[in-house]
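Take a look at the structure set out below.
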């Protein structure tokens, strides 16, 4: 991989047993529609550490028992998910908790290489700081609409002196020339956002629909801010889900979205536009309970792969 990045091979098979690809550049000519890339950290805060660094491995392990059924009907979709060879797993980027700047370069170039190979990058984080270099990897491409589904809006200018951390992910996205729109769904409870941060998001033009509003409306109505035919990156933070389904998050807040709500939002985005990237973040393995969160994340990822890389 260019710019000093490299993949760190993991001991198990690829997610759901899909073929392993040594690096994104090797995708060229393979016909894969989607490529999984593990990025367990980017710019962790000193006070929090890299709490999601082991998330890619935990999610792969949760999917492993179903590898033999990967071509079977996925009833979350009503059809088989994706054809053999449509998805590959490019392993984990080699990242360093003490080198945020270097991590961002490696993630950005890893995503750009997947895109250059003609595949959709499916990034397994990592906290929400991973989303920043993932979006940077789309620089020079068609204008991008970011659909963020998560418990927090991430519009702080900086936190703990860090401008590239998880609480600033959407603020940094708003500064990218190729990001044309931001739609944020599912915020709830107390978090890092202050009144001025929410005002900054709305002044920029972001659509912010909290979980309370989603709970009383149709998911399809929440997607009206996504332009028809838009190129969409879906940034799904696991804390969007109710902790009864997803306990493996740093802060558990009641009132989260259900599995079907999240899946319908992603499927709706695919119907309205074209999903060109996906990131799954904020999965904290040490907070999981009997593997329930990992299982939920794996099931969601399997369904999203079917949406992105399945039937046209």
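A compact table of results
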item	result
Extension gain (nm, one decimal) between residue 270 and residue 141, 0.36 nm per residue minus Cα-Cα	44.6 nm
Computed [θ] at 222 nm, helices only, for the chain once each DSSP H run of length n ≥ 4 contributes -39500 (n - 2.57)	-8500 deg cm²/dmol
Antiparallel DSSP beta bridges within region 136-251, as percent of all bridges there, nearest 5	5 percent
Residue 311 versus residue 251: modelled label distance in nm, points set 7 Å from Cα along the beta carbon direction	4.2 nm
Nearest-0.05 FRET efficiency for residue 84 and residue 180, computed from C-beta distance (R0 41 Å)	0.70
Gain upon complete extension [residue 48, residue 72; 0.36 nm per residue less C-alpha separation]	4.6 nm
Shape of region 188-263, Cα gyration tensor, a/c cut at 1.5	oblate
Distance histogram for region 157-210 (every C-alpha pair counted, 5 angstrom bins, percent rounded to whole numbers)	4, 18, 30, 29, 15, 3, 0
At 0.692 mPa s and 37 °C, Stokes diffusion of region 9-118 via Kirkwood alpha-carbon radius, µm² per second	218 µm²/s
Percent RCO, i.e. relative contact order, over region 7-309, from Cα pairs under 8 Å lying at least 6 residues apart	22 percent
Sequence of 107, 182, 289 once ranked by neighbouring C-beta atoms within 10 Å, starting from the fewest	289, 182, 107
nm² value of the averaged projected area, convex hull over the Cα atoms of region 7-309	13.8 nm²
Rg followed by Dmax, in Å, when region 31-75 is reduced to its Cα trace	14.9, 44
Over region 244-312: Kirkwood hydrodynamic radius from C-alpha pairwise inverse distances, Å	13.1 Å
Distance in nm between pseudo-label sites at residue 289 and residue 192 (7 Å out along the Cβ direction from Cα)	2.6 nm
Fewest-first ranking of 178, 233, 109, using other Cβ atoms within 10 Å as the exposure measure	178, 109, 233
Choice from 200, 297, 62 showing the highest fluctuation, given a GNM over the chain with Cα pairs closer than 10 Å	200
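Read-outs throughout are calculated quantities, based only on the coordinates presented, and are distinct from any laboratory measurement. Computed from a predicted model, the values in this text were never measured in an experiment. Methodologically, a virtual Cβ is constructed for each residue, glycine included, from the backbone with ideal geometry; neighbour enumeration extends over all protein chains shown.
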